[in-house]
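**Student:** Dropping a structure here in C-alpha cells format, bear with me for questions.
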Amino acid sequence: MAPSERNLVSIEIIKKAVDGNSSAVAQILDHYDAYVTWLASSAECDRNGSVQYVLDEDMKADIQEALIEAIPKFKLQEILDGKYKGTEKNRKR
C-alpha cells in the first residue's frame with residue numbers, strides 16, 4: 001500500500017455514505033475525528049506561559065454537521081467516471 005493510500009476512506013464506505021448509510025457516515029466521521037478536533041481547537045496561554053489546547057465543542061459539532069451535510073452532495077460517480085474536474089481554481093493549475 002502506498003503511503004498516500006494508507007489513510008484513505010475506502011470507496012465502498014464513501015459509496016454507502018453518499019447513499020445515506022448511517023453506519024458508513026459514522027465511519028467517515030470517526031476517520032476524520034482527530035482532524036476535526038484539531039480544527040476546532042485553539043492554543044491558549046495560561047498565566048505561567050504554558051500553552052494549553054482547548055477544544056471548542058460547539059465548533060467541532062458544527063464541522064461534523066457540515067461534513068454530514070456535504071457527504072450526500074459528493075460527486076463520487078463523476079470522479080469515478082473521470083468527468084469531475086474540480087473547482088475552477090483547481091482547473092487552472
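The values are calculated or read from the model by the stated rules, or taken from the named source; none is laboratory data. Keep in mind that what you see is a predicted model, and the values were worked out from it rather than measured. Cβ atoms come from the backbone with ideal geometry, glycine included; neighbour counts cover every protein chain shown. The area values use the complete protein model at the heavy-atom level, side chains included, leaving out ligands, DNA and RNA. Shrake-Rupley method; radii C 1.70, N 1.55, O 1.52, S 1.80 Å.
**Student:** Any chance you could count how many residues in region 18-28 are assigned to a helix (DSSP H, G or I) and either acidic (Asp, Glu) or surrounded by 15 or more Cβ atoms within 10 Å (Cβ to Cβ) (or both)?
**Tutor:** 5
**Student:** Which residues, counting only those in region 46-69, are part of a helix (DSSP H, G or I) and either of a type in the set (S, T, N, Q) or at pLDDT below 95 (or both)?
**Tutor:** GLN64, the sole residue that qualifies.
**Student:** Applying the selection to region 30-45, what residues are part of a strand (DSSP E or B) and among the aromatic types (Phe, Trp, Tyr)?
**Tutor:** Correct list: empty.
**Student:** Is it the case, given these coordinates, that LYS15 is modelled with pLDDT of 90 or more, in contact with a Leu (Cβ under 9 Å, 6 or more places away or on another chain) and open to solvent by 90 Å² or more (accessible area, probe 1.4 Å)?
**Tutor:** yes
**Student:** Between residues in region 17-29 that are farther than 14 Å from GLU65 by Cβ and residues that are outside any loop (DSSP other than H, G, I, E, B) and open to solvent by 60 Å² or more (accessible area, probe 1.4 Å), which pairs lie under 7 Å by C-beta distance while being six or more apart or on different chains?
**Tutor:** Final answer for the pair search is VAL18/PRO72; GLY20/PRO72; ALA24/LYS16.
**Student:** In addition: What residue, among those in region 23-74 that are hydroxyl-bearing (Ser, Thr, Tyr) and touching a helix residue (DSSP H, G or I) at 6+ places or on another chain (Cβ under 8 Å), is nearest to ILE13 (Cα to Cα)? Give the steps one after another, and end with the answer.
**Tutor:** Here is the first cut: in region 23-74, the residues hydroxyl-bearing (Ser, Thr, Tyr) are 23, 32, 35, 37, 41-42, 50, 53.
Narrowing further to those that are touching a helix residue (DSSP H, G or I) at 6+ places or on another chain (Cβ under 8 Å): 23, 32, 37.
On the way: SER23: 9, TYR32: 13, THR37: 22 Å.
It comes out as SER23.
**Student:** Looking at region 8-17 only, could you name the residues that are in a loop (DSSP other than H, G, I, E, B) and not hydrophobic (A, V, I, L, M, F, W, C)?
**Tutor:** The answer is SER10, and nothing else.
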